[in-house]
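Below: one structure, written as structure tokens.
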Amino acid sequence: KMIRKLVFATTLALLCPFTTPSIGADSPGISKEKPAKGPSVKVEDGYMVPYTITVPGSDVTIDMVPVPGGTFNLGSPEDEDGFEDDQGPQIQVKVEPMWVAKYETTWKQYQLYMAMYQLFKDPDLRSARPLTDENAVDAVTAPTELYEPSFTFEFGQDDELPAVTMTQYAAKQYTKWLSKLTGQQYRLPAEAEWEYACRAGSEDAFSFGEDEDELEEYAWYYDNADDLPHPVGEKKPNAFGLHDMHGNVMEWAIDGYTDDGYASLSEKEQPLAALDTIRWAESYDNRVVRGGSFQDDPEQLRAAAKLTSDDDNWREDDPNSPLSPWWYTSDPTRGIGFRIFRSYKPIEKQMIAKFWEIDNEDIEFDVDFRLTGGRGAKAVVDPSLAEEIKKLNEQ
């Protein structure tokens with residue numbers, strides 16, 4: 001185990017060569033002029049505006065919405081109905097401008113990434129794009145095929161349904177894959193960023209206020225969802241134009257979970273920068289999920305509510321040994337997905353690597369075990385991979 005720790009530490013140290021993308025008037029989502037209508041955020045390079053990612057080599061698109069920066073109180077007050085100790089004490093956090101996906105990641109968007117498993121295993125591609133120590137920083141692992149698709153897809157796999165049952169590691173690798181293809185930094189949010197985006201200026205329990213009777217207009221949850229997820233965007237958006245921040249499926253944050261909430265941050269000088277509030281995960285599980293799902297009651301859908309991952313229970317029906325680092329096999333994971341974020345100012349290379357890479361030696365062991373046994377797939381990803389993705393889609 002000590003050898004594994006040394007190898008893991010060395011691997012993290014090699015992740016720094018990633019080049020930080022620049023920002024400017026020619027960057028996606030930046031306009032020199034203020035648009036006549038629609039949301040926009042004034043920044044030094046002009047205006048942040050909505051834009052659509054077209055995943056290179058495909059017709060898959062992702063809509064991104066500009067969210068202004070600001071300062072807010074992370075967490076809920078103790079007198080809020082449903083308050084739990086892990087939701088306080090409230091701390092003041094400063095969030096920088098960012099783009100946030102308008103919708104939760106859908107099956108159409110995620111299944112293109114799932115298709116990388118077969119593409120990365122193709123002998124011709126492996127020969128043309130050999131993995132070396134020099135290019136390992138640009139390598140991405142593809143999720144293995146589902147062991148039991150009938151569980152994950154019991155509610156369907158329609159294009160506009162939110163993708164579910166992926167682990168946090170798989171979601172992180174999806175964001176790295178998309179980033180390497182496009183040359184922009186996409187990632188999971190810090191939970192402070194997620195809550196800020198969810199609240200959209202509200203200090204109440206929900207983005208629209210305190211009245212649970214209004215929840216049905218904004219969210220799919222236990223009372224109205226018929227115990228199944230629904231296509232994204234069918235409910236009203238919040239004030240930032242983001243749909244399904246409450247309910248439908250929960251969404252991964254990057255943070256590790258702590259029982260004492262924000263107590264460890266409360267004595268620091270405030271406001272804290274959002275990225276400085278991250279408690280980086282150390283254990284295999286205990287990672288933060290936000291927003292509540294179609295399986296939950298209203299109190300679990302509050303802006304401050306959270307859940308911690310529980311890998312033993314969430315993989316209870318997984319027959320793999322070691323257990324899959326990419327997929328969960330037991331509920332409530334059919335109510336867990338994710339949404340992508342992108343900072344206005346790119347994050348420096350050492351930090352962005354932490355949003356993408358393996359952060360635990362046990363996860364590293366599980367991934368390497370499958371790669372060594374031929375049950376995993378890994379390849380270098382850069383914009384030129386778009387040609388191979390195009391060929392794959394034409395088959």
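Just so it is clear, none of the values below were taken in a lab; they were calculated from the coordinates. Here the structure is a predicted model, which is why all the values come from computation and not from measurement. Methodologically, a virtual Cβ is constructed for each residue, glycine included, from the backbone with ideal geometry; neighbour enumeration extends over all protein chains shown.
A few points about this structure:
- Segment 192-302 shape via C-alpha gyration tensor axes, a/c threshold 1.5: prolate
- Burial order of peptide ranges 237-245, 84-92 (average beta-carbon count within 10 Å, highest first): 237-245, 84-92
- Relative contact order of the chain, taken over Cα pairs closer than 8 Å and 6 or more residues apart, is 25 percent.
- In the chain, helices alone account for a calculated mean residue ellipticity at 222 nm of -6500 deg cm²/dmol, with every DSSP H run of four or more residues adding -39,500 (n - 2.57).
- Pairs of alpha carbons in segment 243-378 separated by more than 22 Å make up 48% of all such pairs.
- Cβ-defined net charge surrounding residue 281, 9 Å radius [Lys, Arg +1; Asp, Glu -1]: -2
- Length gained on full extension, residue 122 to residue 71, computed as 0.36 nm times the residue gap minus the Cα-Cα distance: 13.5 nm.
- Segment residue 59-residue 36, length gained on full extension (0.36 nm per residue, minus Cα span): 5.5 nm
- Relative contact order computed over segment 105-187 (Cα-Cα under 8 Å; 6+ residues apart), in percent: 40
- Checked against a 27 Å cut-off, the cross-linked pairs 37/236; 235/354; 349/378; 34/345 give Cα-Cα distances beyond that limit for 235/354.
- 12 Å beta-carbon shell around residue 237, net charge (K/R +1, D/E -1): -1
- Whole-number D in µm²/s for segment 241-298 (Stokes-Einstein; Kirkwood sum over Cα pairs; 20 °C, 1.002 mPa s): 162
- Helix 2-13 vs. the chain, principal-axis angle (Cα, 0 to 90°, nearest 10): 80
- Cα-projected label distance for residue 52 with residue 239, points at 7 Å along beta-carbon direction, nm: 2.9
- Once the Cα atoms are used to define both axes, helix 361-372 deviates from the longest principal axis of the chain by about 40 degrees.
- Residue-wise HN-Hα coupling along segment 166-178, computed from phi with Karplus coefficients 6.51, -1.76, 1.60 (Hz; x: Gly, Pro): 7, 6, 4, 4, 5, 4, 4, 5, 4, 5, 5, 4, 5
- Global form of segment 152-248, assessed from the alpha-carbon gyration tensor, a/c cut-off 1.5: oblate
- Distribution of pairwise C-alpha distances over segment 129-202, 10 Å bins, in %: 15, 33, 34, 17, 2
- Choice from 370, 334, 342 with maximal GNM fluctuation in the chain (Cα, 10 Å cutoff): 370
- Over segment 147-222, relative contact order from alpha-carbon pairs under 8 Å, at least 6 apart, %: 12
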